[in-house]
Amino acid sequence: MFEILSGGIFGSLLGGIFRLAPEVIKFFDKKDERAHELLMFGQQCQLETLRGQQKLAEIGAQREATVDAGVMNAFNSAIEQQTEMVKAAGGWVASLSASVRPVVTYWILLLWSFAHIWFAWTAWVAGAPPETVFKLIMSADFCALVSGTLNYWFLDRTLAKRGL
C-alpha cells in the first residue's frame, strides 16, 4: 500500500513541478522584458532630449540670422541716409564728405605703419629677439584696427555689388 501511495505522491509532485515550470519561465521572461523596455525608454528619453536641444539650436540660429539681417538693413539704411544728406548739401560739402573715409583710412594705415616701424627699430636697437618684437607688434588691437578699416572698404564694395 505504501507503494501505491508513494507512486501517487511522486506523480503529483512531478506533475506539480511540470505545471509550475512554465510559470517560473514566464516570470524570468517578463523580468527580462521589463528590463528591455526600461532600457528602450531610457534611450527614447535621451533621443527626445537631443531633439529638444537641436530644436533650441535651430531657433537660436534663426534668431541670430534675423538679428544679422536687421543689422545689415540698419547699416544700409544709415548709408543711404548719409548719401541723401550729402547729395542734398551738394558742392564742396559732398566732396568733403566723400573724402573722409579715404583720408581716415590712409591716416590709420600711415600711423599704424609708422608706430610699428618705430617700435621694431627701437626694439632691434635695444637687442630684443625678432620673434618677440613681431609678437608685440602684431597685437590683437592693432590687427583689429587695420583689418576693420580695410575690411570696411572691401566689404562695402562687395555689399554694394550684391545690392545689400
### Message
Exactly one of these conditions fails for Val125: (1) in contact with a helix residue (DSSP H, G or I) (Cβ under 9 Å, 6 or more places away or on another chain); (2) surrounded by fewer than 13 Cβ atoms within 10 Å (Cβ to Cβ); (3) more than 30 Å from Thr83 (Cα to Cα). Give me its number.
### Response
(1)
#### Entry: Counted residues, the stretch 44-78 - those being closer than 30 Å to Asp156 by Cα and without any contact (Cβ under 8 Å) to a residue 60 or more places away in the chain
19
### Task
Identify the residue in the stretch 72-106 that is under 36 Å from the mean Cα position of the chain (by Cα) and in the same structural domain as Leu150 (by TED's automatic domain parsing) and, among all such residues, is surrounded by the most Cβ atoms within 10 Å (Cβ to Cβ).
Thr105
### Task
For residues that are modelled with pLDDT of 85 or more and either charged (D, E, K, R) or in a helix (DSSP H, G or I) (or both), tally how many sit in the stretch 121-133.
5
### Extreme residue, nearest to Pro102 (Cα to Cα), among residues of the stretch 134-158 that are free of Cβ contacts under 8 Å to residues at least 12 places away in the same chain, in a helix (DSSP H, G or I) and polar (S, T, N, Q)
Asn151
### Message
Any residue that is part of a helix (DSSP H, G or I) and either closer than 30 Å to Phe142 by Cα or touching a strand residue (DSSP E or B) at 6+ places or on another chain (Cβ under 9 Å) (or both) - is there at least one of those in the stretch 43-64?
### Response
yes
### Filtered residue count, the stretch 80-102, keeping only those that are under 19 Å from Phe154 (Cβ atoms), aliphatic (A, V, I, L, M) and at pLDDT below 80
1
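The values are calculated or read from the model by the stated rules, or taken from the named source; none is laboratory data. What you see is a predicted model, and the numbers here were worked out from it, not measured in a lab. With ideal geometry, Cβ positions are generated from the backbone for all residues, glycine too; neighbour counts draw on all protein chains shown.
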